Each structure stands twice: as C-alpha cells, then as structure tokens.
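Working notes, structure below.
The values are calculated or read from the model by the stated rules, or taken from the named source; none is laboratory data. Being a predicted model, the structure only gives us computed values, none of them experimental. Here the Cβ positions follow ideal geometry from the backbone for every residue, glycine too, while neighbour counts run over all protein chains shown.
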Amino acid sequence: MIKNIKKKIAGIIITGLASILVIPYIITNYLALCEKERLLKEKEEEEEAFQKSISNKYGGPPTPYDHTWLSVLKIHGYLKAGRSNEPVSDYLIKLKRPDLKTVSAEDGSFIFEMYNHFYPKFELEVFDKKGYKVAAKNVEFKNEYRDCSIKIDEATVEIFL
C-alpha cells in the first residue's frame, strides 16, 4: 500500500515537473505564432496601401464613357439697372426648375452651381426687395469642357431691370 502511495506521489511529481517544463514551451510557441500572424497582416496592409497610392497617383482603373458620370452646370451673371447700368444688389434670383434661389451681391453678381442636373431648359426670375417679379430670362448654355467623366456647361447672364 505504501508502494502504491509512493508511486502515485512520484507520478504526480513527474506530471507536475513535466507541466512546469512544457507550459513555457507552449506559451513561447503560441506567442511566436501570434507575432508571425501580426507581421503577415502588417505586410498585407502595407502592400494594400502601396497599391492604393499607385492607383491614386496614376489615375486608377479606366471607366467606361458615361456623360452622366459628373455633369456640372454653372449659371452666373449680373443684375444691372436699365438706364444707369448700376449694379443692383439684394434682389432675389430664382431658378424655376429646380427650385433654387440666391441673392445678388453688392456688385450685382450672382451664381448658381448644380451637379448632375437633368433639366433641358432653365428660366431665371428676378424679384425685387418687396417680392414683386421684375424680370424673367431663359438661359442658354455653351459647353465649356467635356471629358470622358465630366461635362461642364456654363452660362453667363446679364439682366437689365
């Protein structure tokens, strides 16, 4: 019986010593594996960032031609008094469709800028400080710039009151 107890104690001691020797080895291998995975992930992120920087620098992949990719519409002009040719400020200028509004500046200038518009014709309406409609004008555009991905139409309008 004492022999059995001694054998069991010896087995427990041997198991304990083996555990003490093996556990650091297991932890070291686990940490090395984690470090290796971290380095691989970091390398992949660096490669991805490098590829993105190249694509931004050299323009990225080509896209098929589509004139609606980006369409820019600019309407700018001046409000002037009819006889004196003086600039008119603080008058409301309104586009009928789409419903956009702006106010003329001190020098009589105004500007509208829209992106990806789908309206074939534009009509400007001018309202005085009391809210009465004093003028209306149709806007005609000339194509300023066209590329495979951008189209800019611009119109300059001079309205005499």
If you take the residues of segment 59-84 that are at pLDDT 80 or above and in contact with a Phe, Trp or Tyr (Cβ under 8 Å, 6 or more places away or on another chain), which of them is surrounded by the most Cβ atoms within 10 Å (Cβ to Cβ)?
LEU79
When only residues in segment 105-154 that are surrounded by 11 or more Cβ atoms within 10 Å (Cβ to Cβ) and of a type in the set (Ser, Thr, Tyr) count, which is modelled with the lowest pLDDT?
SER149
